[in-house]
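Quick notes on the structure that follows.
Bear in mind that the values in this text are calculations on the coordinates, not laboratory data. Owing to the predicted nature of the structure, the values given are computational and were not obtained by experimental measurement. Neighbour counts are summed over all protein chains in view; Cβ atoms, including those assigned to glycine, are modelled from backbone coordinates with ideal geometry.
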């Protein structure tokens, strides 16, 4: 699977149409439906309402409200998981399945894990529905992705990892200052797998024993070339023979989901602290990092403040807002525990930024620095200086080709079609 959202849905519908013409292809049909959910549950976090229940049906292209959409996701997952479990011995996927080699049981675990992800996503806006769906995922006999050997990865099909193109060929990206602050302050051993050291020792003079340097989001840069010596992503990402796939759902995330589910009192979720530590451990294992025991025992370190050595004094600098340490504290309140979970989940999600953006909007964790330079305006919506981007607007091709649908979708959004409008699950209310 290597396609855009719309391509994935179009291809899925083609598979469904062909497979429906003969009996015995239920597993093919439901795998295609699962791929639709995999793509569309990512699209909706950009803009909110999307076309899902009517997609490809030849209708006018009416957008689903987010509540309708999530209910449809959960209903479809009921059927998908049931069919996959009933066809556990089906061997027809092997010829084209670069993710799981045709292993039906692995796809069923993925489907349950996606259900748990979606349940946590709506846990503030619809707690009862979230708990029911989360507990269903936890209790299902097909299981969840709990080990790195079960991770869902998508093949790059011999192509270079695109962020490496942006980093090494275009020279248009470097390590973020937030990563420098958090990974450096926590002395996180995973940094060596994530990034390469800065090439100019002078830019890490404030922490020479930790030679990584990042750029603040929304920084005032002047000349781009001034910061080319800051940390690139690890060079291995530039070799398609080394980085052959990208992760879409991994065991560390599922453990962090279960940790949050436990905080919320969901049946079967287990112990929050145990899953928190397992989330960190499976992430360290995935990235080949050592020292996890010492890391998890650290109850003093916090992220660093940041300065930009290529800017005038104070420009692009920030004071760290995170005061929470790494070590689990069973006596802490749920808010403190949730901040630990989401901060570590943010680190572990490296290379897959979608869910961290969801979590950050949903919980306000991690406590990242606000953008230094805020250029938002009335064209697409104003973001307050102490806030962050909440969504992307509906795309121009839909505005031009489906104006009636976009107008209706905007009414379902619950606010103007602007970048500061909160999505349905991004309530802005308390976490507990």
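Taking the number of other C-beta atoms within 10 Å as the exposure measure, put 365, 276 in order starting with the fewest. Lowest to highest Cβ neighbour count: 365, 276. Each part reduced to its alpha carbon centroid, the range 125-189 and the range 378-422 end up 26 Å apart. Taking other C-beta atoms within 10 angstrom as a stand-in for reagent exposure, 347, 341, 419 fall in the order 419, 347, 341, fewest first. Taking the Cα atoms of the range 267-363, the ratio Rg/Rh between the radius of gyration and the Kirkwood radius comes to 1.01.
Calculated over the range 168-229, the projected area of the Cα convex hull averaged across directions stands at 4.4 nm². Result for the chain in a Gaussian network model with C-alpha springs under 10 Å: among 250, 283, 99, the largest mean-square fluctuation is at 99. Here is the P(r) of the range 162-363: all C-alpha pair distances, binned every 10 Å from 0, give 8, 33, 35, 19, 4, 0 in whole percents. Relative to the longest principal axis of the Cα atoms of the chain, the long axis of helix 251-263 makes an angle of roughly 90 degrees.
Rounded to the nearest 10 degrees, the inclination of helix 272-287 to the longest alpha-carbon principal axis of the chain is 80 degrees. When you restrict to C-alpha pairs under 8 Å that are six or more residues apart and normalise by the size of the chain, the relative contact order lands at 17 percent. Candidates (i) 89, 63, 37; (ii) 68, 56, 40; (iii) 68, 49, 45; which is the computed Cα extents along the principal axes in Å? Entry (iii).
Taking the C-alpha atoms only, the angle from helix 334-348 to the longest principal axis of the chain is near 90 degrees. Per residue of the chain, the DSSP helices (runs of n ≥ 4 H) give a summed -39500 (n - 2.57) that works out to -13000 deg cm²/dmol at 222 nm. Cα extents for the range 310-418 along the principal axes, largest to smallest and rounded to whole angstrom: 53, 40, 25. Remark: C-alpha extents of the range 224-283 on the principal axes read 52, 29, 16 Å, sorted largest to smallest.
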